[in-house]
1. If we scan the range 165-180, do we find a residue that is modelled with pLDDT of 90 or more, surrounded by 15 or more Cβ atoms within 10 Å (Cβ to Cβ) and outside the structural domain of Q7 (by TED's automatic domain parsing)?
2. Would you mind finding the one in I124, I189 that is within 16 Å of L80 (Cα to Cα), surrounded by 11 or more Cβ atoms within 10 Å (Cβ to Cβ) and modelled with pLDDT of 80 or more?
3. From the list L136, L197, which one is under 22 Å from E85 (Cα atoms), at pLDDT 95 or above and exposed (fewer than 13 other Cβ atoms within 10 Å of the Cβ)?
Amino acid sequence: MKLREYQRLSAFWNDADDQVSQVAWIIMDVHGLTYDEVNNMEPKRFLKYSKRIGKQFSNINKKPFYSWFKFETDATKITLGQFIECQHFMKQGQVDAMHLVGASIWKNKRDHKLKSELLLNTNIRHVLQDITRFYLSFADLVNSYKGLFEAEEEEDESDELAKPEKPHPFVDQYGWFFSAKQVAEYEGITLAQAFDLPIIQALNDLAYLKAFQSYQKHLNK
């Protein structure tokens, strides 16, 4: 099963549906059958197809020992540029973004677009384990800097129940590029050089800048 097929079939998995229904939808997709054909299928034939599907997914997370793919699975070892890329791609959903995130952490100097296309046509067993490990590591990294990613609450004595305002579209679209620019200015380097900084160094810089900004607000009260 190729990565692109895994992404397509994963869309059929829904916690709200029972397992039989999910397998039925996958059978329809894989074998090009209609809803009625699967719904009216003899139990023996349906079981045969189900076993075939189960076999495809049984060893899906076991990376072959001969795989030549090398990914950076430790999120603390990526650069600020890679962090921003992955953060952006993950907005699509972790499964849908696997080829894009995989291309960002693949230790290969080829063009990102080319790498992502190659990954789409790669057997899922060669990449799923490593990309999943990276996702977990990335989540741990973000969680370890939780205070940095949380918006500061504005004090408003006139309305204690006021709902926090939604982030401005600029923050959602350009927030991380603005952060990279802040890091570049603080480090006294170019924006391109800032993107190449180790992510831990960049996040520590941002944590310091956020704390300093908070301190300045406190002094100006």
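1. yes
2. Details: I124 fails: within 16 Å of L80 (Cα to Cα).
Of I124, I189, the one residue that is within 16 Å of L80 (Cα to Cα), surrounded by 11 or more Cβ atoms within 10 Å (Cβ to Cβ) and modelled with pLDDT of 80 or more is I189.
3. Working: L197 fails: exposed (fewer than 13 other Cβ atoms within 10 Å of the Cβ).
Among L136, L197, only L136 is under 22 Å from E85 (Cα atoms), at pLDDT 95 or above and exposed (fewer than 13 other Cβ atoms within 10 Å of the Cβ).
The values are calculated or read from the model by the stated rules, or taken from the named source; none is laboratory data. Note that this is a predicted model, so its numbers are computed, not measured. All Cβ positions, even for glycine, are placed from backbone atoms using ideal geometry, and neighbour counts span all protein chains on display.
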